[in-house]
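Structure record follows, encoded as C-alpha cells.
We did not get these values from a lab; they are worked out from the coordinates using the rules stated. Here the structure is a predicted model, which means the values were calculated and not measured. Cβ atoms come from the backbone with ideal geometry, glycine included; neighbour counts cover every protein chain shown.
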Amino acid sequence: MKLKDVQIKKTIKKTILLNPGPSTTTKTVKASLIQDDICHREGSFAAITRKVAEDLVKIVHGKKNDYVATLFAGSGSICIDVAVGSLIPDGKKIMIVNNGFYNDRAMQAAQYYRIPVVNCAFDILTLPDLKVVEETLAKNKDDVAAVYMAHQETGTGLCNPIREVGAIAHKYGKIFISDTTSTLGIIPIDVYKDNIDFCMASSQKGINAFTGCSFLIGKVSEIEKLKNYKPRSYYCNLWRQYEYFKEHGEMNFTPPVQIIYSMQQALKEHFAEGEKAKYKRFMDISKIIRDEAAKMGLVELLDPAITTGLVIAIKYPEDKKFNFKKVHDYLFKEGITIYPGKIGNLPTFRLCNLGANTPADVKAAMKELKAALKACGCKVPFPKKCGCCK
Ligand SMILES: *Cc1c(COP(=O)(O)O)cnc(C)c1O
C-alpha cells in the first residue's frame, strides 16, 4: 500500500536559528522527513545513501575513487573521535594546531585513546603562526603521523588557514585532517587546492539538513592503509565502516534513515543554489548581522578580517542592565535563537550564520535583537568607545 498524502497536522512555526548548529532548515527539507516506513537494507534506500555519500564528496570537489565519504550515525563529534582514533598508527603522534574549543576536543579524543599529541597551541583570539607550525612539525617529524586543525573555530568564528597548514603537513609527508564541521557546504572547499586529506562535517550544519548523520571525507589511498593498523574502537572505526560500505554499498549497522532523506533533499537544494550563490547569500547575511550590530553599538570579539563571517562573537555590552538570559528568552519567544559564547571567561554571545535563512529573515531578527535589548532596559545604541579606551 502506498500512502498518498501525509498531512502534517501541526503547523510548523518558522524559526530562525542563530546558534552554532543545528541550523535552520527549509520547509522542503522539513517535509522530506516524512516518508513511507522502509527497512534500511532495501536496495532503494541503500541507493539513496550511496548518492548522498557521492554528493558529499562533490561538495568538496573530490574526484570519484580518489576521495570517499564515510557516514556515521551521530553528532559531529563522532567524526573527531573516528578521525583521531583511526588515522594514527600505533607508536605515532598526532600534531594538533590548537587555538580553540574544537581543536581542544580533538586533544581530548586523543587522550581518551591514549594517542600521544604534539600540542601546537596558540592564543584563541589570533591566527596560528605558520612559522611556529612548521618549526614544531620539523622538530617532531619522525614521530608525527598527521597534522590536525579545525577550519573554523566555532566558538570565536576564527577562520584557520587550512590551505597553508595543509601545505606544511604535505611538505613533511604527513596527512592533513581538518575539522570543517561548521564551514563545509557554505565556504567553498576544494580538497586538492586546500591540501586536505581528511575533512568532516555533520548533517545539521552547512548542508542544512537534520541532526544525526556525520561524515568523514577522505583520500581513498590513505584509508586503504588503515587495514594494517591496530584498531582502537569497534564502532568509531573508519576502516570498518569504509570497508563495509565498499563491500555492501550501505552502512554497517542501522543508519539514521530519516536524516538521510533530509540530507538527500538538502543536497539537492545545495546544488540547485550553487556553491557561489550560496556562499554569497551567507556573506550578505553576515554583512547584515555586522552592520546592524555595529549600529546598536555592539562590539565584535575578533577583527572581522580573521573570521569566516559564519559565527559572529559579540562582547557583552558594558551596560548593567544587559542580561543575556533575558535577551535570549525575549528572542526565543519571537522564534529566534541566539547562543552564549564559548570562550573561557570572556563574556560573549554568538550570532551564527549557518542555516537556511534569508537576508530578510536575519534583518528582521536583528530588529528583534534591538527590541530585546531595549526590553532589558539597555540604552541602545550602546555608547561608542574610542580606540584608546578599548
Ligand atoms: C558543531 C561542531 C562540531 C560537532 O559538534 P556536535 O555537537 O558533536 O555536533 C565539531 N566541530 C566543529 C568545528 C563544530 O562547529
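State the extension gain, in nm to one decimal, for the chain segment bounded by residue 320 and residue 11, taking 0.36 nm per residue of separation less the distance between their alpha-carbons.
Values: separation 309, 0.36 × 309 = 111.24 nm, distance 3.93 nm.
Gain on stretching residue 320 to residue 11: 107.3 nm.
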Problem set entry | For region 221-236, 3J(HN,Hα) per residue [Karplus equation, 6.51 cos²θ - 1.76 cosθ + 1.60, θ = phi - 60°, Hz, x = Gly/Pro] | 4, 6, 5, 4, 5, 5, 4, 8, 7, 6, x, 9, 9, 7, 9, 8
Seminar exercise, completed: Expected vector for region 29-43, Karplus 3J(HN,Hα) from phi with 6.51, -1.76, 1.60 and θ = phi - 60°, integer Hz, x for Gly and Pro, equals 5, 4, 5, 5, 5, 8, 9, 4, 4, 8, 7, 5, 7, 5, x
Seminar exercise, completed: region 80-124: spread of alpha-carbon positions along the three principal axes, whole Å, largest first, is 30, 16, 14
Exercise. Peptides 55-61, 245-251: what's the order by average Cβ count within 10 Å, highest mean first?
Worked result: 55-61, 245-251
Problem set entry | Pairs of alpha carbons in region 238-390 whose separation is greater than 24 Å (percent) | 47 percent
For this session: Taking only the C-alpha atoms, wrap a convex hull around region 126-280 and report its volume per residue in Å³ as a whole number.
Result: 137 Å³
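Over region 1-114, what lengths in whole Å, largest first, do the semi-axes of the equivalent ellipsoid take, defined as the square roots of 5 times the eigenvalues of the alpha-carbon gyration tensor?
Details: eigenvalues 245, 90, 39 Å².
Semi-axes from the Cα gyration tensor: 35, 21, 14 Å.
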For this session: Give the Rg (one decimal place) followed by the Dmax (whole number) of the chain, computed from C-alpha coordinates and expressed in Å.
Result: 21.6, 73
Problem set entry | For peptides 192-202, 38-48, 206-216, sequence by mean Cβ density within 10 Å, most packed first | 206-216, 192-202, 38-48
Exercise. Taking region 286-390, which chymotrypsin sites (Phe, Trp or Tyr not before Pro) meet the DSSP loop condition and have no more than 14 other C-beta atoms within 10 Å?
Worked result: none
Seminar exercise, completed: Per the 1/(1 + (r/R0)^6) rule, R0 = 30 Å and r from the Cβ atoms of residue 333 and residue 30, FRET efficiency to 0.05 is 0.90
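Of the peptides 228-238, 370-380, how do they stack up when ordered by the mean number of other Cβ atoms within 10 Å, highest first?
Working: 228-238: 14.9, 370-380: 17.0.
In descending order of packing, they fall as 370-380, 228-238.
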For this session: For region 43-194, divide the Cα radius of gyration by the Kirkwood radius and give the resulting Rg/Rh value with two decimals.
Result: 0.97
